[in-house]
Amino acid sequence: MPTSRVSCNRCFSSGGKGRQFDEYGLSYFEEWCSCEAGRREQEQYPIDRQAKIEEGAVACDKCHGQGGTGDRWCINETESAYLHWCDCKYGQEAKAKAQIIIDETDRRNRAERAEQYLLDCGIPVRYETAELMDFGDESIGPLTEVRHWLASAKEGQGLILWGAVGSGKTHLGAALLHEIIRMPRRCFFVAVPNLLDEIRASYSGKRRQQEGEEDLLRRACDVDVLLMDDIDAERVTDWVAEKLFAIVNARYNDMLTTLVTTNLSPEALAKCVGDRTVSRLVGMCKVVRLQGDDRRLKGQ
């Protein structure tokens, strides 16, 4: 059953208790509630009744002009709707009106979630406004692949964006996160060297925040969509390889979407961070190569 926040715990935004119907099919209550909905209903009832008298209207025998029967559920802070709509014109009109309110409430809630997801995402300031349109018609092949992935990717399928320094991998990855956040889905941008530095700092207690290694890894492992930026930039030790594998393996098993940017081809990356990690990445990601001149040197 749909749910939403209820503004009145006494009448559940219906307006009162002991609903009655007059000869025109208009509802009134034996006891009006003192809440906003009750005051509104009480003020509107005589107006509606007078209008019915003037137009000589005859209400539906099933719903008495209310549009539905049985219990009601709250669709936003002040409005409610019937669980069972009547087939009469009153029911169709009331159902259409309720659907408009439901759609608008859903749109507003999605927008609010997306706004919060963007704040929590960790996208660097430089890429706060990154969009796919920033690339224009450049590298049309890779952009077409990326747009197709965005529109049709299966659950858990990610992307490996690889290419030379300055080819736009991080910019493109951040632009994709903006698109995904609007869906809305929770995303997390993490520069791999920075994440590893934070984990190291957690061992010595020098971190200002109270997150330990387990907290840092959990966020990277559990978020809906993770962008691992510059995965090859860290000097690889057994410890680094272990942490990267832990993140990738957890996301692989849980079928969570992972985006990766790297200067290396999958084959070269395997030599850098390990076959086990890259095998899983390739198994759950579409590989897209970015080519072209250094965008930074071109002022892009």
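The values are calculated or read from the model by the stated rules, or taken from the named source; none is laboratory data. Since the model is a prediction, treat every value here as computed from it, not as a measurement. We place every Cβ from the backbone using ideal geometry, glycine too, and count neighbours over all the protein chains shown.
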Taking region 4-19 on its own, how many of its residues are touching a Phe, Trp or Tyr at 6+ places or on another chain (Cβ under 7 Å) and modelled with pLDDT of 75 or more?
5
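Could you look through region 100-149, keep only residues that are among the aromatic types (Phe, Trp, Tyr) and under 18 Å from Gly166 (Cα atoms), and pick out the one that is surrounded by the fewest Cβ atoms within 10 Å (Cβ to Cβ)?
Within region 100-149, the first condition is being among the aromatic types (Phe, Trp, Tyr), and the residues that meet it are 117, 127, 135, 149.
Then keep just the ones that are under 18 Å from Gly166 (Cα atoms); that gives 127, 135.
Values: Tyr127: 19, Phe135: 21.
Filtering first and then ranking leaves Tyr127.
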Check off (1) surrounded by 16 or more Cβ atoms within 10 Å (Cβ to Cβ); (2) assigned to a helix (DSSP H, G or I) for Asn194 and give me the number that stays unchecked.
(1)
Only one of (1) over 26 Å from Ile102 (Cβ atoms); (2) assigned to a loop (DSSP other than H, G, I, E, B); (3) at pLDDT 70 or above fails for Tyr24. Which number is that?
(3)
Quick check on Ile180: is it at pLDDT 90 or above, in a helix (DSSP H, G or I) and touching a Cys at 6+ places or on another chain (Cβ under 8 Å)?
yes
Of (1) among the polar types (S, T, N, Q); (2) surrounded by 16 or more Cβ atoms within 10 Å (Cβ to Cβ); (3) part of a helix (DSSP H, G or I), Thr261 satisfies all except one. Which?
(3)
Number of positions in region 144-163 that are part of a helix (DSSP H, G or I) and under 17 Å from Leu256 (Cα atoms):
4
Conditions (1) within 19 Å of the chain's Cα centre (by Cα); (2) assigned by TED's automatic domain parsing to the domain that holds Leu216; (3) farther than 18 Å from Thr261 by Cα; (4) not in a loop (DSSP other than H, G, I, E, B); number of the one not met by Thr129
(4)
